[in-house]
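Report on the following structure.
The values are calculated or read from the model by the stated rules, or taken from the named source; none is laboratory data. Given the structure is predicted, the values throughout are model-derived calculations rather than measurements. All Cβ positions, glycine included, derive from the backbone under ideal geometry; neighbour counts span all protein chains shown.
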Amino acid sequence: MGDHVFSCYASAAFGTEGLVAGELKAFHLRDVRAENGGVRFSADQAGLYAANIRSRFSDRIFVILAESPCTSFEDLFQLVGSIPWENYAAGTEKINISAKCSRSRLMSPRDCQSVSKKAVIERLKKSGIARFPETGAELPVLISVRSDHAKVLLNTSGAALSRRGYRTWNGEAPLRETLAAALVELSPWKPGLPLHDPCCGTGTILVEAAMHACGMAPCLNRSFAMDGFVWADRETLESVRQEIRNQVSLPPSLMISGSDIDPEALKLSEKHIHQAGLDGLVSVFPCPLQNLLCEGANGVFICNPPYGERMSDRESCRRLYRDLHSLLDRHPGWSLCAITSDPAFERSFGKRASAKRRLYNGRLECTFYIYG
């Protein structure tokens, strides 16, 4: 399967599909087409593996094994059974089938999993495999049924691509790494400009910006489900990883910094910067927002301030939003970007944003406000 071209799918959080399509095109992958919830593309093994290592915004990378309208479990059984599973499995794999169902006649994920697993086993038995110890590498398969249309997807990533490996603790309000990378991309910031996060927490925005500036692939130092697939060419995969590793170029300085009032969060931030291999390139320090003064005639503030989801926190959060406006007033040549689920952000901030983007932080609908 070394030269085989696969139909692929990169899943993406709502609002980031265009970013994923843009980066896949930049990786010189073919047939890139965005749709709700993800992006389709074509790739050989090398391109598939490179997409896993290099994607900053995608949630997972899949191979589309089959798709068809499905309105009954018999339809689903026939669809899954039509796939040449003998090309993808040796019989020792842990066949891990998950399912998602929405707006369809098939609305039981558990039944979809059960029917699909049975169809996989039946197909492998017909190919001459008699025993299924399930002691080997994981073969993760997703059955996605949406509006009576089923897709059978082989998950080549394994764990979500937001798990880069540098973050060991998430703090109270974790910002997914893929979303942090999207905020950096959607902001006016470009490498070479100062960037400061005035509510930096555990440093996710800072690390994602710094990795981008250094040409450091976000998932370079983690493994993928694809590493254990029987059909994967180990030499090809290692060659791709080594080639991407050789492209990393650490500059002498980055002008990326952060501040916070929580000493424990700052300790974790320093730890994550170290674990990402960015020592000396990103600095963090304790500072109340009201006292913050950054050097440079122009730059960009990007932050994920507290949202005030609980009523008791709401007023303190809105005071903080007013402090963000004062911060911007103290830095007239700078831009400021903030993500929040609080619909009263602009009113509390005291000024309408020049641009807005609807995004999701996990399941929470948020708006990314851009000033400047």
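Yes/no per residue for (1) touching a residue at least 60 places away in the same chain (Cβ under 8 Å); (2) assigned by TED's automatic domain parsing to the domain that holds Arg358; (3) on the phi > 0 side of the Ramachandran plot:
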{"site": "Gly15", "(1), (2), (3)": "yes, no, yes"}
{"site": "Leu24", "(1), (2), (3)": "no, no, no"}
{"site": "Val39", "(1), (2), (3)": "no, no, no"}
{"site": "Ser42", "(1), (2), (3)": "no, no, no"}
{"site": "Gly47", "(1), (2), (3)": "no, no, no"}
{"site": "Arg54", "(1), (2), (3)": "yes, no, no"}
{"site": "Ile61", "(1), (2), (3)": "yes, no, no"}
Point to revise | Candidates Cys294, Cys317, filtered to the one that is under 21 Å from Tyr371 (Cβ atoms) and part of a loop (DSSP other than H, G, I, E, B) | key: Cys294
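What residue, of Val63, Val39, Val80, is in a helix (DSSP H, G or I) and of a type outside the set (Lys, Arg)? Outline the logic, then answer.
Working: Val63 fails: in a helix (DSSP H, G or I); Val39 fails: in a helix (DSSP H, G or I).
Criteria check complete, one pass: Val80.
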Exercise for review: Among the residues of the stretch 258-281, count how many are over 18 Å from Glu177 (Cα atoms), touching a Pro at 6+ places or on another chain (Cβ under 8 Å) and in contact (Cβ under 8 Å) with a residue 60 or more places away in the chain.
Suggested key: 3
Practice item. Confirm whether Ser55 is touching an Asp or Glu at 6+ places or on another chain (Cβ under 7 Å), surrounded by 21 or more Cβ atoms within 10 Å (Cβ to Cβ) and polar (S, T, N, Q). Key: yes
Review point. Here are some conditions: (1) more than 29 Å from the chain's Cα centre (by Cα); (2) closer than 30 Å to Ala180 by Cβ; (3) of a type in the set (Lys, Arg). Lys125 meets all but one. Which one does it not meet?
Key: (2)
Review point. What do you reckon, is Pro188 in contact (Cβ under 8 Å) with a residue 40 or more places away in the chain, in contact with a Cys (Cβ under 6 Å, 6 or more places away or on another chain), over 17 Å from Ser55 (Cβ atoms) and assigned by TED's automatic domain parsing to the domain that holds His331?
Key: no
Practice item. Under 6 Å between Cβ atoms, at least 6 apart or on separate chains: pull out the pairs that start in the stretch 224-242 with a residue that is among the charged types (D, E, K, R) and end on any residue that is outside any helix (DSSP H, G or I). Key: Asp233/Gly2
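Under the condition of being small (Gly, Ala, Ser) and within 7 Å of Lys94 (Cα to Cα), which residue from the stretch 129-146 is nearest to the chain's Cα centre (by Cα)?
My answer is Ala137.
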Check your understanding: Given Lys125, Lys118, Lys100, which one is outside any loop (DSSP other than H, G, I, E, B), closer than 18 Å to Gly37 by Cβ and of a type outside the set (A, V, I, L, M, F, W, C)?
Key -> Lys100
Exercise for review: Say whether the condition of being touching a Leu at 6+ places or on another chain (Cβ under 7 Å) and either surrounded by fewer than 22 Cβ atoms within 10 Å (Cβ to Cβ) or within 27 Å of Asp3 (Cβ to Cβ) (or both) is met by at least one residue in the stretch 77-85.
Suggested key: yes
